[in-house]
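Take a look at the structure set out below.
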Amino acid sequence: MSAADVSTRAAAAPHKARAWLRPGALAFLGLAEFAILDSLYDVRIVGGGEDIAWLAANYLAKLAAYAGFYSFVAFALMMWPRRARWGGAWSAAQTERHRWRIWVGANIALFAVLAWATPQLGATSAPWAAFYPWLGAVALMLASLLPAAAPVSFWRGFLTAEGKTLAIAALIGVMVVIATTLAQNSWVALAGVTLHAAYGLLNLIGADPFVDPGAFILGAGDFRVRVDSYCSGYEGVGLVLAALAVYVFLFRARLRFPNAYLLFPIGAAAILTLNVVRISALIWLGDNVSADFALKGFHSQAGWIAFIMVTAVLMAVAHGSPFFRADAAKPAKLRDPAVILALALLAPFALLMAARIIGAMAGDGAHWIPVIATLLPAAALIHYRKALRSMFGPLTLEPALIGFIVGAFWIVTEPASYDVGHGWWLMAQSPTAAGLWIALRFLGFALIVPLAEELAFRGYLHRALVNRHFDQAAPAAFSWAAFIVTSLLFGAMHGRWLAGALAGAAFALTLYRSKSLTGPVVAHAVANGTIAIYAVALQEWALL
């Protein structure tokens with residue numbers, strides 16, 4: 001790219017931002033208006049009483065609103081590959097003849113009338129005469145934002161070209177609402193199936209189980225559990241279907257349709273089967289090993305292990321099987337440089353997640369197992385050291401300063417300190433054992449964890465969000481999607497959304513400044529090192 005091209009793009013960037021400012025503001029206006037009207041309208045105060053028809057009408061209206069939201073999300077995802085085409089058409093439609101201010105004024109006026117009229121619906125019992133005009137006025141208020149965003153001629157052409165996509169999105173929205181409603185009200189039946197299937201499996205292995213179908217109680221010996229909604233398996237089905245939906249969408253060009261749609265029922269059946277195995281294993285462990293280990297360690301972590309197994313195996317099968325793979329796409333070979341780089345960036349993080357699951361399964365009383373398990377990613381880091389060497393650049397002082405600030409901020413914003421048992425346990429150990437534990441904990445927390453997390457978040461995921469072929473994106477390439485998504489996911493993974501997201505944003509900043517992974521790794525290592533030193537010095541073990 002020439003210097004002239006760079007200058008042209010830099011000059012066009014503010015204009016592009018201004019061009020999207022109005023539709024963004026209109027979308028925010030519509031959401032705010034809808035939220036305010038929703039807060040003013042309450043079915044309990046409109047005088048409906050026990051009128052079943054009135055309550056049903058309001059419930060259906062609520063479901064219709066949810067369906068509209070889900071349809072919008074589905075439509076946005078389906079339109080994303082054509083965003084450049086319609087973005088250009090939208091920009092071309094913005095002319096001086098487009099009197100968008102008139103439409104905005106009409107929208108605000110209609111909203112003002114609705115804001116006044118909505119509380120008045122409670123004047124009579126079951127006000128059918130006013131209810132349907134009110135719904136129509138709300139729909140008209142939201143629809144008036146469309147001609148404010150673009151001329152009617154644009155929307156006419158858009159509807160003609162994308163009518164089929166709109167219909168499919170509407171169908172998806174309705175199906176999601178139906179599926180959600182069924183999931184909320186049918187967990188009892190699903191839990192019953194899980195209960196009896198687990199009972200049958202325990203009988204098969206000779207565990208001599210006990211079952212009370214009426215109370216959903218399953219056990220063996222003196223160990224009993226209640227198979228409630230969280231054990232029914234519907235959450236696992238939802239997670240697997242969501243993960244597969246993202247996968248199918250991102251890799252749609254490499255998959256064969258409609259064959260790829262079979263991944264969804266296969267995934268649902270697989271996770272339900274593994275859930276039965278999980279419940280059966282929970283009963284066996286509680287009866288034969290330890291109730292504390294079964295409930296506090298195995299129970300929660302086994303679900304995540306099953307989810308990872310199902311999604312990883314199905315994605316690998318889809319990529320390698322001619323039945324799911326498109327004819328034009330060939331499975332990447334393990335010696336492909338892009339595959340090797342992806343493994344180098346993701347394998348340490350995968351082992352880190354496995355280490356955390358192992359540590360959690362060991363329970364609160366285990367102190368050495370979580371610390372030693374945290375060292376697992378070192379094996380991948382050593383194995384892929386040659387592939388990772390090119391990802392790092394010169395070392396500067398700036399990332400270390402940013403990391404120290406992040407570490408100090410994390411310490412200050414720690415919500416509450418609690419005793420995790422390390423302090424009392426360390427006091428009972430010999431100086432050599434206590435020193436070795438602290439050294440290993442410090443090594444894992446301040447060096448291995450930052451390396452594994454930064455390779456995955458800033459090394460792989462950030463570049464993958466910039467370019468689907470991540471190896472073709474520069475290590476420090478910027479996009480708003482990559483910056484925001486990686487920061488938010490980083491915050492979600494660390495449990496403290498705001499502090500974690502800000503830390504992720506700070507580490508991304510060091511990536512852009514250093515032009516390599518040296519910046520975020522050093523910043524993350526210094527942040528964790530600062531936290532570790534503070535935690536050990538003041539015995540604030542909750543920070544570790």
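Things worth noting here:
- Among the criteria (1) surrounded by fewer than 14 Cβ atoms within 10 Å (Cβ to Cβ); (2) not in a helix (DSSP H, G or I), the one A242 does not fulfil is (2).
- Total residues in the range 194-218, condition in contact (Cβ under 8 Å) with a residue 12 or more places away in the chain, in contact with a helix residue (DSSP H, G or I) (Cβ under 9 Å, 6 or more places away or on another chain) and at negative phi: 14
- Residues of the range 186-198 include none that is at pLDDT 80 or above, outside any helix (DSSP H, G or I) and aliphatic (A, V, I, L, M).
- When the criteria are applied in full, A523 fails the requirement of being among the small types (G, A, S), under 28 Å from I438 (Cβ atoms), open to solvent by 10 Å² or more (accessible area, probe 1.4 Å) and in a helix (DSSP H, G or I).
- Near pairs, Cβ below 9 angstrom, 6+ apart or cross-chain, from the range 491-508 (touching a residue at least 24 places away in the same chain (Cβ under 8 Å)) to any residue that is basic (K, R) and in a helix (DSSP H, G or I): G504/R458; F507/R458; A508/R458
- All conditions but one from (1) open to solvent by less than 60 Å² (accessible area, probe 1.4 Å); (2) at pLDDT below 80; (3) on the phi < 0 side of the Ramachandran plot apply to W80; the one that does not is (1).
- Candidates A253, A242, filtered to the one that is closer than 21 Å to W80 by Cβ and modelled with pLDDT of 80 or more: A242
- Each residue in the range 469-513 was checked for being in contact with a helix residue (DSSP H, G or I) (Cβ under 6 Å, 6 or more places away or on another chain), open to solvent by 20 Å² or more (accessible area, probe 1.4 Å) and among the polar types (S, T, N, Q), and 1 of them qualify.
- Of all the criteria given as (1) more than 25 Å from F293 (Cβ to Cβ); (2) without any contact (Cβ under 8 Å) to a residue 40 or more places away in the chain, the one not satisfied by G403 is (2).
Residue by residue, here is whether (1) open to solvent by less than 30 Å² (accessible area, probe 1.4 Å); (2) at pLDDT below 80; (3) not in a helix (DSSP H, G or I) holds:
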{"residue": "R335", "(1), (2), (3)": "no, yes, yes"}
{"residue": "L341", "(1), (2), (3)": "yes, no, no"}
{"residue": "L345", "(1), (2), (3)": "yes, no, no"}
{"residue": "A355", "(1), (2), (3)": "yes, no, no"}
{"residue": "A360", "(1), (2), (3)": "no, yes, no"}
{"residue": "G365", "(1), (2), (3)": "no, yes, yes"}
{"residue": "I369", "(1), (2), (3)": "no, no, no"}
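- Residue list for the range 83-107, filter: open to solvent by 70 Å² or more (accessible area, probe 1.4 Å) and either acidic (D, E) or in contact with a Phe, Trp or Tyr (Cβ under 8 Å, 6 or more places away or on another chain) (or both): E96
- Those residues of the range 371-380 which are in a helix (DSSP H, G or I) and either surrounded by 19 or more Cβ atoms within 10 Å (Cβ to Cβ) or not aliphatic (A, V, I, L, M) (or both), in sequence order: V371, A373, P377, A380
Yes/no per residue for (1) charged (D, E, K, R); (2) at pLDDT below 75; (3) loosely packed, with under 13 Cβ neighbours inside 10 Å:
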| residue | (1), (2), (3) |
| --- | --- |
| L274 | no, no, no |
| G297 | no, yes, no |
| I305 | no, no, no |
| L314 | no, no, no |
| A326 | no, no, no |
| K330 | yes, yes, yes |
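- Restricting the range 400-412 to residues that are open to solvent by less than 50 Å² (accessible area, probe 1.4 Å) and out of contact with any Gly (no Cβ under 9 Å at 6 or more places or on another chain), the residue that is modelled with the highest pLDDT: A400
The values are calculated or read from the model by the stated rules, or taken from the named source; none is laboratory data. Predicted model, so just to flag it, every value in this text is computed and none were measured. Reconstructed Cβ throughout: ideal geometry from the backbone, glycine too, with neighbour counts over all protein chains shown. The accessibility values were calculated without ligands, DNA or RNA, using every heavy atom of the protein model including side chains. Shrake-Rupley method; radii C 1.70, N 1.55, O 1.52, S 1.80 Å.
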